[in-house]
Amino acid sequence: MSVFQNQANIIITCYRRLSPFLEPEVKALGFDVAETFPTGIRTSGTMTDCIRLNLNLYCASQVLYSLGTFRAKHADDVYRFLSQIAWEDILPAEGYFSVTSNVHTESVNNSMYVNVRVKDAIADRIRGKKGVRPSSGSDMKQAVMHLFWKEEQAEIFIDTSGETIARHGYRKIPGAAPMLESLASATILASTWDRRSAFLNPMCGSGTLAIEAALIATNSKPGLFRNNYSFMHLLGYDEEVYYAEQDKLEAQIIDAPDLRIIATDHSEAAIENARKNAVAAGVANMIELQVCDFTQTEIPDENKGVFFVNPEYGERLGEISELEETYARIGDFMKQKCRGFSGYVFTGNLALAKKIGLKPRRRIEFYSGKIDCRLLEYELYEGTKRTF
């Protein structure tokens, strides 16, 4: 039976600390979550289910379909087990595939060697059955296999995504120190934003937060912006199933005619990049872009919504001394101009965050790359107390 009909374990990976926001996404699609861990969740389904997961998830990185677990002490054990899998029923004999791995075992000090053994096992099996050896390489634009091996426990997966789905595909001009799209989505989902009140995004850079807010508010899923996945390069793939899922994505988009998303930046180049990215995402008409200092950002009269800013951390851009004044000004602006809003500051520098001078109601942990970050939530009601 084709993997497109076989039930199997599915691991949906994400960047560290995003799984609390990935889990409700998966459940909303009707899947049971068997396990949640810091970098993903475990569920079950068919390869056809993997198509739906790839197209719908904001916070995910890869969707991995399990072909089996086994014990392995050495790389030769991996080769022997994989040689028993009917790869000739999974991969085209004259096709192309790539191998990735996550290896933590004492017997191997070079994961690239393990990748070669995986490639050999697959190619040798297909050549033995079909007389033709498929091509392989590091290009992940076609079929991708993934090996997870920790101590003596191993599992082989079809990576149904291929290139990561953490990048949502619309952003053509990332700008300086861009925020990963899946991370931006997770921070928005972590907030109290109701998707109808105002979303203010000063220091917007290339516009990722504002664009993701517009996509979430209109229920526009990342699968709208990508047309190539690993699952498309497997035997048994039915493009009509994929097109049906695409049609569902289009049908579930909702209007948000009264929503105001205001994004500003002092850099003309950043605003131009944000405009181009918003056009590519199909939400340019939803985002009001303006070149100005963040303190000149328009505050809607309703005094309801969120103020969401991702200032420089001092790790990659700018100097700490210059940023201290910026963070203090952010605190003053929220206190003086944003009463009635919820304020959010995403930062990887907690020392600078203290310069905001307001006590956060919540501190939500994230990572941006390898930087330990926090999404700080401030309730900006009348009479907010400053803390020193």
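Angle of helix 19-28 to the longest C-alpha principal axis of the chain, folded into 0 to 90 degrees and rounded to 10: 70°.
Once the 1.4 Å probe is applied to the protein heavy atoms, segment 290-367 comes out at 51 Å² accessible per residue.
Compute the Kirkwood hydrodynamic radius of segment 218-350, taking the inverse of the mean of 1/r over all pairs of distinct Cα atoms, and give it in Å to one decimal.
18.2 Å
Averaging over all projection directions, the Cα-based convex hull of segment 65-167 occupies 6.1 nm² in the image plane.
Hey, what's segment 200-279 come to in accessible area per residue, 1.4 Å probe, Å²? Result: 41 Å² per residue.
Counting only protein heavy atoms and a probe of 1.4 Å, the accessible surface of the chain is 46% carbon and sulfur.
The share of C-alpha pairs in segment 30-85 whose separation exceeds 15 Å stands at 60 percent.
Considering only 62, 41, 115, the residue lying farthest towards the positive end of the dipole of segment 8-162 is 115, judged by Cα position with unit charges set on Cβ. Inverting the pair-averaged 1/r between distinct Cα atoms of segment 263-330 gives 13.8 Å as its Kirkwood hydrodynamic radius. Please report how far the C-alpha centroid of segment 119-135 lies from that of segment 236-258, rounded to the nearest whole angstrom. The two parts, judged by their Cα centres, are 36 Å apart. Comparing 273, 227, 110 in a Gaussian network model of the chain, where Cα atoms under 10 Å apart are tied by springs, the biggest mean-square fluctuation is seen for 110. Dividing the convex hull volume of the alpha-carbon atoms in segment 1-133 by its residue count gives 121 Å³ per residue. Once you have all Cα-Cα distances for segment 107-181, histogram them in 10 Å bins from zero and send the whole-percent values. Once binned at 10 Å, the Cα pair distances of segment 107-181 give 14, 36, 29, 17, 4, 0. One Cα centroid belongs to segment 1-74, the other to segment 197-224; the line between them spans 25 Å.
From the coordinates of this entry, P(r) over Cα pairs in 20 Å bins from 0, in percent is computed, and it appears in (i) 28, 58, 14, 0; (ii) 27, 49, 22, 2; (iii) 23, 45, 23, 9, 0 under the label (ii). Evaluated with a Cβ-only charge set (Lys, Arg +1; Asp, Glu -1), segment 161-302 carries a dipole of roughly 320 debye about its Cα centre, given to the nearest 20.
The values are calculated or read from the model by the stated rules, or taken from the named source; none is laboratory data. None of the values given here were measured: they were computed from a predicted structure. When we count neighbours, we look across all protein chains shown, and the Cβ atoms used for this are built from the backbone with ideal geometry, even at glycine. Surface areas here come from the heavy atoms of the whole protein model, side chains and all, with no ligands, DNA or RNA. Shrake-Rupley method; radii C 1.70, N 1.55, O 1.52, S 1.80 Å.
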